[in-house]
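Peer 1: So that we are looking at the same thing, I have put the structure below in structure tokens.
Quick note: the coordinates plus some simple rules give every number you see, no bench work behind them. In this text, all values refer to a predicted model and were calculated from it rather than measured experimentally. We place every Cβ from the backbone using ideal geometry, glycine too, and count neighbours over all the protein chains shown.
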């Protein structure tokens, strides 16, 4: 069991495998994945850093600081990176001077929870989403629940489990197309059919 962190009002990116699990480069377990953009020094950043320190201390004891130092900056070992870069070494748009937290949940563990920020009148709780609604999209703001945990052994690393994502507000869409809305379209009342 790791340390649960509740992120508030962060942008979400890289959601191609969020709702429907995929494989990394066509290999390995099918997984749900997403990346969250976190402002350095924010309450979200402080909560993540505290969870990392706590989990590292529990796993490696006195070696925690040196283990973390060796892992930071290695995307295969550390799920919390600054200035996320593409394959050419360029920082992705929107990630400049920001942290990126990459969350993963294996398909065999079940899908993460997907929620709207609007209540379901029948339950009084946030409406559940399937992903087909298009409400959560790359670039929007979300609240997220993640679990930070340290992995020991041959594949040592600081991991981030993806537990749930809740839409929190609109943001500029990553990857091109603007979000569709009904703003600017007028409507008229339907007329009774003529007899």
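Peer 1: Tell me what the chain gives for mean residue ellipticity at 222 nm when only DSSP H runs of n ≥ 4 count, each as -39,500 (n - 2.57), the sum divided by the residue total, rounded to 500 deg cm²/dmol.
Peer 2: Value at 222 nm, helices only: -4000 deg cm²/dmol.
Peer 1: Can you give me the distance in nm between label points at residue 50 and residue 186, each placed 7 Å from the Cα along the Cα-to-Cβ direction?
Peer 2: 5.4 nm
Peer 1: Within segment 93-120, whose backbone N sits under 11 Å from a point 7 Å along Cα→Cβ of residue 42?
Peer 2: 98-101
Peer 1: Please give the helix 43-60 orientation as an angle from the longest Cα principal axis of the chain, in degrees from 0 to 90, rounded to the nearest 10.
Peer 2: Roughly 40 degrees, rounded to the nearest 10.
Peer 1: State whether segment 17-123 is rounded, prolate or oblate according to the following rule on the C-alpha gyration tensor (a ≥ b ≥ c being the square roots of its eigenvalues): a/c under 1.5 gives rounded; otherwise a/b larger than b/c gives prolate, and the remaining case gives oblate.
Peer 2: rounded
Peer 1: So for the pair residue 117, residue 83, with labels modelled 7 Å out along Cα→Cβ, what separation do we get in nm?
Peer 2: Reported label-point gap for residue 117 and residue 83 is 3.1 nm.
Peer 1: Another question about this same structure. List residues of segment 1-36, by number, whose backbone nitrogen lies under 19 Å from a label position 7 Å along Cα→C-beta of residue 96.
Peer 2: 11-13
Peer 1: Between rounded, prolate and oblate, where does the chain land on the alpha carbon gyration tensor, with a ≥ b ≥ c its root eigenvalues, rounded for a/c under 1.5, else prolate if a/b exceeds b/c?
Peer 2: prolate
Peer 1: Can I ask one more? Select from 106, 119, 145 the residue whose mean-square fluctuation is largest in a Gaussian network model of the chain (Cα-Cα springs shorter than 10 Å).
Peer 2: Of the options given, 119 has the highest mean-square fluctuation.
Peer 1: Let me ask something additional. Would you mind calculating the gained length between residue 109 and residue 29 on full extension (0.36 nm times residue separation, minus the Cα-Cα distance), in nm to one decimal?
Peer 2: Stretched out fully, the residue 109 to residue 29 stretch lengthens by 27.7 nm.
Peer 1: Extending each Cα 7 Å along its Cβ direction at residue 125 and residue 76, get the distance between those two points in nm, one decimal.
Peer 2: 4.0 nm
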